Amino acid sequence: MRRLLNFRSKKSNAKAPAEFSASSASAEAAAAVAHGLQVVTESANPTVDIVAIHGLNGHREKTWTTSGGVNWLRDLLPHDLPNARILSWGYDANIHSSSRVSSQYLYDHGRGLVSDLCLHRELTETSKRPIIFVAHSLGGIVVKSALIHSDAARQGALAEHRSIKLSTYGVMFMGTPHQGGNGVALGRLMVNVASVFVAADDRLLRHLEQDSELLQQQLGQYAPISGDFVTKFAFEEYATPTVLGQSMVIVPRASAVVPGAADGEPIAIHADHMNMVKFKSKLDSGYQTVSGHLRLMAARAGNSIGGRWDTEGRVDAARSNNPSDSFAVQFSLLEVSHIECFVGREEELDRIHQELQYNGSRRTAVVHGLGGMGKTQLVLAYAQRHRNEYLAVFWINSKDVDTLKQGYAAAARRIYREYPLLVHLKTAVEGGNLDDAVETVKRWMSHPQNNRWLVIYDNYDTPNLPGHNEPGTFDIRPFLPEAHHGTVLITTRSSQLRLGPLIAVKKLQSIEHSLEILSHASGRDKLSSDDDACTLVRELDGLPLALATAGAYLYQVSTSFSDYLGLYKASWLRLQQKTPHLLSYEDRALYSTWGISLNHVKQQSVLAFKLLQLWAYLDNQDVWFELLQECRQDGPEWFLELTEDQLSFDEAVRVLCEHALVEADATLRDDRVESQGYSMHSCVHSWTVHVVNQGFNAKMGDLALECVGRHVPDRSQHNSLVTERRLMRHATRSWEFIVNGSLNSVGKEDYLHNFGHVFAHQGQLDEAEKIEDHTSTLDTVNNLGNLYADLGRLDKAEKMYQRALQGYEKRFGYEHERCRSLRRSLAGL
């Protein structure tokens, strides 16, 4: 095949578009370093490679950059594809430079692309990661050539080049001339592309037309493999100015789109040939179209490419006669929804991998945590990251017995597709008996040589534990394979499931990770510099489901982060009910996700349920036994039973802990003088108010206020300041209910008086004064005066003393001892 890029018109002095002009030494120097593979951006845990290839006279950076400096590969796409490594490949496609003209054929460029990609992916140990190509103009011909070369690579020195074709999931052609159309030959179309940069004379036309015939023959080798890729054919809609001053549609739809192509789809881009790959912002319609298709392809690439590599492994195993590899099953987790933005959790992933290291015997790990904490997505991330360590991976939803059996039936179908000669599998699949499917798959997994499988039993939230026999619970052990090999990974909300090492999944600790989830779900950028977004993230406190729920709502409306936070606090339940459900979470909605836990709490312990209701009116942090015990004699019957002794309280809390609704408070210091406290996630706390209590429960609110008010210690008690510090958050919550009118202050003056002491002693003097103004108790005013005097704030002390003195004189008379004492205090200021 003749060279297609080594041409230049001798008759034309026309200047190329400034963007790609190489008329100066500095421009040529810049172009000289723009060859080869460049990592544009890379996320922390990439799962797909996006590889961009420029066209004729292109540049690995400038081709994708607007005149305003926006490079969408660098500035826009990483937000929409947070789990991608984005690369750009440059090659010598210059037709202007007098000192540098290409000496390679397009096919040779394709081979160079394969070589560079192979080297980089091998060095980074990502040879099996899915690839999606984005190719502009004749760069699409380079990609085709690369895939033809990769497909031809077999055993021998270049066998590793085959990995590129195996890993390629999709190709997005952007204005690539695939064929002639509407009476226009492919050679003419290639001249059109060249005419953007140079004036095409008859000699050049003949040269290109002759080469195009050879090119058409060579690219005929692409048709048989094109069905292996998901293909998007983007075509320009506007004419492009050429160097001769005329404008034309360089590559019309008839040439840019291959009709009838398997897995092919035409895409219209409202731009000309040069600007169809330049996007100013995320609002650009072209960018929204291109990025949308890339996101869909990226989300689906993992399972598809994993299947190809599994098949390749089986072929290699057959060649090597390795009997154990006859149990390989194509990797697929289509039964469960994936999230596009998985962040953090490296410590948990490492712990799972450590616990499941194969040692010849059965390895089991139990991942537990609050509903909505991201357990499912964590184990999916583990399975995808370590898929090559297993010959078969199965995901079985274990929320109840019927669903678990259906998961086994799906596993049987997958195995049978791989090994249709296994008669017992055929019977189980075609017979439709779920119990037969369970036993057949268990028997297959128990084969002595079949020891490299992983089964994920997800959502096992209803375990039948010793001492409990609630309706709906079941024992999962009879469903596990009998043989003592293989790998089992279980997710559950129960912390009491002791089938293997327990791995707790708790809230995200990094605010940046929370902001990343909110940013991706809401489609809004630069949240780390948005104070309102940071405030909202702190309120949602690292709960992935809450962050994704907030983002899903904000994605559909123009509500600000500040306004959303206001709605969250004022109308929690209505806001949650109007939020779109999330496909990537089993229960889909924040307000219902803990319902199953609540039902089991009710069945196991009425006292635990009542404590959950009461907790709504205390602070979510640090609730302890002695805090409640003060009200034991005057409380309702269930409260007397709950606070009878530490054992009764601990038993109720244990049930809540078992379902991950509360946990032991790890923040307490050694200077505490009473028992350990327990805490609840802030989102669960909101749920207790709006769902568990089904609205405001004034009786529970009064009981909570009385517990706090009675427990305020005398200043003479040992470590009274420590106890007051623990009470502060609870006193603040009760006081808020008084201020907003949810609770009536009548008859609670003594308790509020005690709150005033707590606030004052803890330095919250403004709040103490507000309580004094609300209750108008003279003793509180006098005590505040004493406190201000001790602090040296004499003006404030005088004000308090004068107010108290007026009240005492009016109540007790001028000569009363209290009045004389106050006058002495005033005189001493």
Can you name the residue in the stretch 156-172 that is of a type outside the set (G, A, S) and assigned to a helix (DSSP H, G or I) and, of all such residues, is modelled with the lowest pLDDT?
E160
Out of all the residues in the stretch 506-538, which are among the β-branched types (V, I, T) and buried (at least 23 other Cβ atoms within 10 Å of the Cβ)?
I517, V537
For V455, state whether it is within 29 Å of Q357 (Cβ to Cβ), assigned to a helix (DSSP H, G or I) and assigned by TED's automatic domain parsing to the domain that holds S494.
no
Test: L703 is outside any loop (DSSP other than H, G, I, E, B) and touching a helix residue (DSSP H, G or I) at 6+ places or on another chain (Cβ under 6 Å):
no
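For (1) modelled with pLDDT of 80 or more; (2) closer than 19 Å to F173 by Cα; (3) outside any helix (DSSP H, G or I), each residue gets a yes or a no:
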residue	(1), (2), (3)
A261	no, yes, yes
K280	yes, no, yes
L294	yes, yes, no
G302	yes, no, no
G313	no, no, no
A317	no, no, no
Only one of L668, L647 that is farther than 18 Å from R493 by Cα and modelled with pLDDT under 90:
L668
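Does G701 count as within 30 Å of R574 (Cβ to Cβ) and without any contact (Cβ under 8 Å) to a residue 12 or more places away in the chain? Talk me through it step by step, then tell me what you get.
Numbers: within 30 Å of R574 (Cβ to Cβ): yes; without any contact (Cβ under 8 Å) to a residue 12 or more places away in the chain: no.
Here the answer is no, as G701 does not meet what is asked.
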The residue that is modelled with the lowest pLDDT, considering only those in the stretch 219-236 that are over 29 Å from the mean Cα position of the chain (by Cα) and in a loop (DSSP other than H, G, I, E, B), is G220
Please list, ordered by first then second residue, the pairs with beta carbon atoms under 7 Å, 6 or more apart or interchain, first in the stretch 667-680 and within 17 Å of R729 (Cα to Cα) and assigned to a strand (DSSP E or B), second aromatic (F, W, Y) and modelled with pLDDT of 90 or more.
none
Pull up the stretch 736-753, narrow it to residues that are among the acidic types (D, E) and over 16 Å from W615 (Cβ atoms), then point me to the one that is modelled with the highest pLDDT.
D750
With I250, I339 as the choices, which residue is buried (at least 19 other Cβ atoms within 10 Å of the Cβ), modelled with pLDDT under 85, in the same structural domain as F173 (by TED's automatic domain parsing) and part of a loop (DSSP other than H, G, I, E, B)?
I250
So V423, is it surrounded by fewer than 16 Cβ atoms within 10 Å (Cβ to Cβ), hydrophobic (A, V, I, L, M, F, W, C), more than 15 Å from A328 (Cα to Cα) and in the same structural domain as V366 (by TED's automatic domain parsing):
yes
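For W687, indicate whether it is in a helix (DSSP H, G or I), within 25 Å of Q577 (Cβ to Cβ) and assigned by TED's automatic domain parsing to the domain that holds G741.
Yes: the conditions hold for W687.
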Say we look at the stretch 54-81 and pick out the residues that are more than 28 Å from the chain's Cα centre (by Cα) and among the basic types (K, R); which of these is surrounded by the fewest Cβ atoms within 10 Å (Cβ to Cβ)?
K62
With the condition kept exactly as written, say whether any residue in the stretch 491-514 is at pLDDT 90 or above, of a type in the set (S, T, Y), in contact with a helix residue (DSSP H, G or I) (Cβ under 7 Å, 6 or more places away or on another chain) and not in a helix (DSSP H, G or I).
yes
Give me the residue from the stretch 18-74 that is in a helix (DSSP H, G or I) and modelled with pLDDT of 90 or more and, out of that set, nearest to E516 (Cα to Cα).
R74
Checking D766 against (1) assigned to a helix (DSSP H, G or I); (2) modelled with pLDDT of 80 or more; (3) under 44 Å from the mean Cα position of the chain (by Cα), which single condition isn't satisfied?
(2)
Got a sec? Which of H520, H447 is modelled with pLDDT under 90, more than 30 Å from R363 (Cα to Cα) and of a type outside the set (D, E)?
H520
Matching residues in the stretch 539-565 - criterion: being of a type in the set (D, E, K, R) and touching a helix residue (DSSP H, G or I) at 6+ places or on another chain (Cβ under 7 Å):
E539, D541
If you scan the stretch 406-452, which residues turn out to be within 22 Å of I476 (Cα to Cα) and part of a loop (DSSP other than H, G, I, E, B)?
G432, N433, S446, H447, N450, N451, R452
Looking at (1) modelled with pLDDT of 90 or more; (2) of a type outside the set (K, R); (3) surrounded by fewer than 18 Cβ atoms within 10 Å (Cβ to Cβ), which is the one condition that is false for L454?
(3)
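If you check L822, L752, which single one turns out to be assigned to a helix (DSSP H, G or I), out of contact with any strand residue (DSSP E or B) (no Cβ under 6 Å at 6 or more places or on another chain), surrounded by 13 or more Cβ atoms within 10 Å (Cβ to Cβ) and not assigned by TED's automatic domain parsing to the domain that holds T723?
L822
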Considering only residues that are more than 15 Å from A608 (Cα to Cα) and surrounded by 18 or more Cβ atoms within 10 Å (Cβ to Cβ), which ones fall in the stretch 685-696?
S686, W687, V689, H690, V691
From the residues in the stretch 257-295 that are over 25 Å from T66 (Cα atoms) and of a type outside the set (D, E), which one is surrounded by the most Cβ atoms within 10 Å (Cβ to Cβ)?
V257
Looking across the stretch 553-604 at residues that are under 19 Å from the mean Cα position of the chain (by Cα) and surrounded by fewer than 16 Cβ atoms within 10 Å (Cβ to Cβ), the single one that is modelled with the lowest pLDDT is L583
Taking the stretch 803-814 as the search range and keeping residues that are assigned to a helix (DSSP H, G or I) and over 60 Å from the mean Cα position of the chain (by Cα), which one is nearest to L784 (Cα to Cα)?
L805
Would you please name the residue that is nearest to T492 (Cα to Cα), looking only at residues in the stretch 604-644 that are among the β-branched types (V, I, T) and out of contact with any strand residue (DSSP E or B) (no Cβ under 7 Å at 6 or more places or on another chain)?
V606
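So, R733, is that one modelled with pLDDT under 75 and part of a helix (DSSP H, G or I) or not?
no
The values are calculated or read from the model by the stated rules, or taken from the named source; none is laboratory data. Please read these numbers as outputs of a predicted model, since none were measured by experiment. Positions of Cβ are generated from backbone atoms using ideal geometry, with glycine treated the same way; all protein chains shown enter the neighbour counts.
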